[in-house]
Structures are given as structure tokens and as C-alpha cells.
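Novice: The structure that follows is given in the form of C-alpha cells.
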């Protein structure tokens, strides 16, 4: 069978993209694992409730929040207290990051006398100046809500998904695109959609030339800590980006995501760990270091004790943008690249295309 469209991956963005093609012909999504969601998934440790695999935050954009609430029937709630950045032993509003980056880009454009670039910057959802904190929204139960509602959306749209299938090679012909899997099974489509995170080895073009895909591989490492508090936390928090730290780069309080599954005096905290730190010590030592740093930052009391801990490693990769452009150009339009770096901004770039989906699901 030759499909009209094949999409590799089942991240939330990829799934919405796939359903946008359904009205125009046959569609197949190909997933390398046994479940949908990509990084937006959950896991079950032996001694902890089912939880989100790592610390996440969604960039601020009210239009995308509204779209996701409607299309996936999500219950989004504001992160409280508002997210913070921890730098030089101080907490500052997370929004200041966007303000500083926006200011730097303005000054750069002016110094280059590039006013066209300045005009383009103003259209970007990342271009923001905020003194007070915006309402950053997130699913009430984190990735559990997102994954559950994605599955409902897939069923509602009768989207076909081929699970546990890893594509290793793509061959573009004058008429179709052929996908060859690790088990040598083959799929064929008129149009293929890949993302910045698609893990393929090479692409062969109609003129016979080959492009070996270079990938920047990385590991997202998180430690989940179940903590017993003998007294109230000194500083409530939701999400913290940690700067200038050789062990921790972000922290999330996930207690609300497992409410009713742990005791009232227990807190579930997720800590993002740098690869170098994770690979230089055992997990028990790392957990103790995290607890001590949380105490130093006054996020938990000095009397707090560690009850349980677990770690996980989520491997990921990124394809260089120049290679993605080359794939799209040399395929004569048969391979489409779905840009997927920032979750919210990726949706923002596709909102106009996706609006019709709201009407079809009404």
C-alpha cells in the first residue's frame, strides 16, 4: 500500500500534524517505541507512583494554551508559584529570561542596521518583555494528562500508528518515498514528514546521491526524590531553572501530580541532572547531593528526609538545521520537516494550519 502521508514519531506535535492530513488521504504514523508521546510520557518506578519522566515547562503563549485546551480537552492550570530562575544564590522571575534575550536581539539587529530582522523578531512568540510574572500553564497532572488525552484524540480521529518500528533509511524516488526499517520491512508514501528529532541514518535522493544524517546525541537525566517533610517547606516552588551549577540544571515540584497517592507530609520532587554529574557518581550519592542542594536553596527544610529515589535516562538527538533544509530541498518537496524544538512555539508556527481541526472535532 502506498500512503498519501507518513509521519515519523508520535509527539503531541507530530500527532496533531498527522490528523491534519487525514481529510486529504491515507495517513500512517510510525513510532519507534510501544507508546505515544515522545518525551511527554510517564514511567512507573517500583517504589513510586506513575510520574512524568522529567522536569518540563511550557513557554508562555496564550493562543497555544487555548488551542491545546480545546483540541485535546486538557485542563491547564497556572504553575504556582510562578517559575523562577536560580542564579548567584538568588531567585528571579523566569520571564526575565525572555526579556533579556529579546533585548539582546533588538540591540544586535540595530547594530547590524537590519530592520527587517527586527520586524521579524516582533512577530516571534518568544519576543516578550515582562516585569511581572505571566501565568505559565501546564496540564494539572502533567504528562499523565497529556498522554491520556493524546490517546483519546488518536482514537477519536482513527489515526493509524505502527508501533515498535525504527526507520533506518529513507529512499526518495521520482514518484514516492520509501522507508526501510531495522527489520527490513518497507513502507511507501507520497509524502513523508520528519522532525528535528527523527532518528534515521541516511537519505537517498532521486539523483542517486546519499546524505548521511549527522545527529547531536544527548541524554536527559532526572532523579525523582520522595521526601518527608516534618514541617512546612520554607519556599514553595513549581519549576526552577538552575544556573551555574555543575550537578543540577532544573527542578520541578511534582507533588500535585500524585496528590492522593502519597502522604500529606510527603513531597515528590524531580531534579534534572547534567550528564557529567550523573556518570561520575552512583545514584545514591547523587540523590544525597540533590537533597543537600535543595536544603541550601531553602526549597525544603533542614529536617526533611529522603524516603525513596530513582533515576532515569531519556536519550534524545537533534539533526542540524542545515541538513534538514538539504533533505527538504533535495527531496523535491516529498519530505516535509516539522520543526520541533520548543513545544509551545512549534505549535504557534502551525496554528493557522491547525485551526480547521477544531471545527472538525466540534
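The values are calculated or read from the model by the stated rules, or taken from the named source; none is laboratory data. These numbers were taken from a predicted model, which means no experiment stands behind them. Heads up, the Cβs are rebuilt from the backbone with ideal geometry, glycines too, and the neighbour counts pull from every protein chain shown.
Novice: Determine if the stretch 344-354 includes at least one residue that is more than 29 Å from residue 176 (Cα to Cα) and loosely packed, with under 12 Cβ neighbours inside 10 Å.
Specialist: Taking every residue of the stretch 344-354 in turn, none turns out to be more than 29 Å from residue 176 (Cα to Cα) and loosely packed, with under 12 Cβ neighbours inside 10 Å.
Novice: Out of all the residues in the stretch 53-77, which are touching a strand residue (DSSP E or B) at 6+ places or on another chain (Cβ under 6 Å) and not in a loop (DSSP other than H, G, I, E, B)?
Specialist: Passing the criteria: 65, 69, 76.
Novice: Okay, next question. When you check residue 195 against the structure, is it surrounded by 14 or more Cβ atoms within 10 Å (Cβ to Cβ), closer than 30 Å to residue 179 by Cβ and touching a helix residue (DSSP H, G or I) at 6+ places or on another chain (Cβ under 8 Å), yes or no?
Specialist: So residue 195 passes the test.
Novice: What number of residues within the stretch 231-262 are touching a strand residue (DSSP E or B) at 6+ places or on another chain (Cβ under 8 Å), farther than 17 Å from residue 293 by Cα and assigned to a loop (DSSP other than H, G, I, E, B)?
Specialist: 2
Novice: To continue, here is another question. In the stretch 198-214, how many residues are under 30 Å from residue 281 (Cβ atoms) and in contact with a helix residue (DSSP H, G or I) (Cβ under 9 Å, 6 or more places away or on another chain)?
Specialist: Selection size over the stretch 198-214: 0.
Novice: Something else now. Output the qualifying pairs, or none if there are none: Cβ atoms under 6 angstrom, residues six or more apart or on different chains, first residue in the stretch 141-167 and on the phi > 0 side of the Ramachandran plot, second residue crowded, with 16+ Cβ neighbours inside 10 Å and in a helix (DSSP H, G or I).
Specialist: 142/257
Novice: Can you name every residue in the stretch 32-48 that is touching a helix residue (DSSP H, G or I) at 6+ places or on another chain (Cβ under 9 Å), at negative phi and surrounded by 18 or more Cβ atoms within 10 Å (Cβ to Cβ)?
Specialist: If the condition is that a residue be touching a helix residue (DSSP H, G or I) at 6+ places or on another chain (Cβ under 9 Å), at negative phi and surrounded by 18 or more Cβ atoms within 10 Å (Cβ to Cβ), then 36, 40, 41, 42, 48 are the ones that fit.
Novice: Which residues, counting only those in the stretch 198-227, are buried (at least 21 other Cβ atoms within 10 Å of the Cβ) and at positive phi?
Specialist: Result: no residue meets the conditions.
Every residue, every condition in (1) out of contact with any strand residue (DSSP E or B) (no Cβ under 8 Å at 6 or more places or on another chain); (2) closer than 29 Å to residue 5 by Cβ, yes or no:
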residue	(1), (2)
172	no, yes
179	no, yes
189	no, yes
192	no, yes
198	no, yes
209	yes, yes
223	no, no
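Novice: When residues of the stretch 264-298 are filtered for being assigned to a loop (DSSP other than H, G, I, E, B) and touching a residue at least 24 places away in the same chain (Cβ under 8 Å), how many remain?
Specialist: 4
Novice: Could I ask something else about it? Of all residues in the stretch 226-263, which are free of Cβ contacts under 8 Å to residues at least 40 places away in the same chain and over 25 Å from residue 139 (Cα atoms)?
Specialist: 246
Novice: Determine whether the stretch 292-306 contains at least one residue that is loosely packed, with under 12 Cβ neighbours inside 10 Å and closer than 29 Å to residue 203 by Cβ.
Specialist: Looking for residues that are loosely packed, with under 12 Cβ neighbours inside 10 Å and closer than 29 Å to residue 203 by Cβ, one finds none in the stretch 292-306, hence no.
Novice: Got a number for residues in the stretch 319-336 being part of a strand (DSSP E or B) and over 21 Å from residue 218 (Cα atoms)?
Specialist: 2
Novice: Which residue out of 316, 340, 301 is touching a residue at least 40 places away in the same chain (Cβ under 8 Å) and assigned to a strand (DSSP E or B)?
Specialist: Only one candidate passes the filter, namely 316.
Novice: Would you point out the residue of the stretch 128-147, among those that are farther than 27 Å from residue 36 by Cα and crowded, with 17+ Cβ neighbours inside 10 Å, that is modelled with the highest pLDDT?
Specialist: Top of the filtered list is 134.
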